[in-house]
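The values are calculated or read from the model by the stated rules, or taken from the named source; none is laboratory data. Note that the coordinates shown come from a computational prediction; the quantities given were computed from them, not determined experimentally. Please note: Cβ atoms are built from the backbone with ideal geometry, for glycine as well, and neighbour counts cover all protein chains shown.
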Ligand code: NI
């Protein structure tokens, strides 16, 4: 098990492009997913996508449980059904120190593969629905601050830089 460094907005090209599909479901992939779980828990996030660790692959891990003991991964995920719309506030590990309100569907159904390549469907509204949409956005090169107006986005990035500086000074 190993922690993997998280990359920040504009610090890595993988964050800003459409990620490549996963084609090999081998033991290296299984290990990567374990490391992503560990990295997500360490960062206290409820989701982490591979581009956030600088990896150009369609993989994301999620755990929205209170006890942080129900992790799952979605590989090559696709939203196959959605309905409703609402605004949702959320942070992002790649834009630390910011909180952004983003338009989201109320309900989504996702088709994805697990770490052995098996296809499954998962559906959700509320936190799970939002988390699925946030992580799938990451795999499309889109972060929640990309929904903001240019001015608000600039302000969010300023906040992020301040937050990174603060954290650097405190360690
Ligand atoms: Ni994020």
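Each row is one residue, and each column tells you yes or no for (1) farther than 17 Å from residue 144 by Cβ; (2) within 12 Å of the chain's Cα centre (by Cα); (3) buried (at least 20 other Cβ atoms within 10 Å of the Cβ).
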| site | (1), (2), (3) |
| --- | --- |
| 31 | yes, no, no |
| 36 | yes, yes, yes |
| 48 | no, yes, yes |
| 61 | yes, yes, yes |
| 67 | yes, no, no |
| 78 | yes, no, no |
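Condition first: part of a strand (DSSP E or B) and crowded, with 19+ Cβ neighbours inside 10 Å. Now tell me which residues in region 94-129 satisfy that. 100, 102, 104, 108, 110, 112, 113 - these are the residues of region 94-129 that are part of a strand (DSSP E or B) and crowded, with 19+ Cβ neighbours inside 10 Å. When residue 154 is tested against the conditions (1) over 18 Å from the mean Cα position of the chain (by Cα); (2) within 16 Å of the ligand (Cβ to nearest atom), the lone failure is (2).
Yes or no: residue 23 under 14 Å from the mean Cα position of the chain (by Cα) and either within 16 Å of the ligand (Cβ to nearest atom) or over 13 Å from residue 138 (Cα atoms) (or both)? No. Within region 12-44, the set of residues being touching a residue at least 12 places away in the same chain (Cβ under 8 Å), within 29 Å of residue 154 (Cβ to Cβ) and part of a loop (DSSP other than H, G, I, E, B) comprises 12, 17, 18, 19, 43. The residue that is nearest to the chain's Cα centre (by Cα), among those in region 137-150 that are more than 8 Å from the ligand (Cβ to nearest atom) and surrounded by 21 or more Cβ atoms within 10 Å (Cβ to Cβ), is 139.
Consider region 136-148. How many of its residues are assigned to a helix (DSSP H, G or I), within 15 Å of residue 50 (Cα to Cα) and either at pLDDT below 95 or touching a helix residue (DSSP H, G or I) at 6+ places or on another chain (Cβ under 9 Å) (or both)? Spell out how you get there, then give the answer.
To start, the set of residues in region 136-148 that are assigned to a helix (DSSP H, G or I) comprises 136-139, 144-147.
The next check asks that each one be within 15 Å of residue 50 (Cα to Cα); those that pass are 136-139.
The next check asks that each one be either at pLDDT below 95 or touching a helix residue (DSSP H, G or I) at 6+ places or on another chain (Cβ under 9 Å) (or both); those that pass are 137-139.
Looking only at that region, the number is 3.
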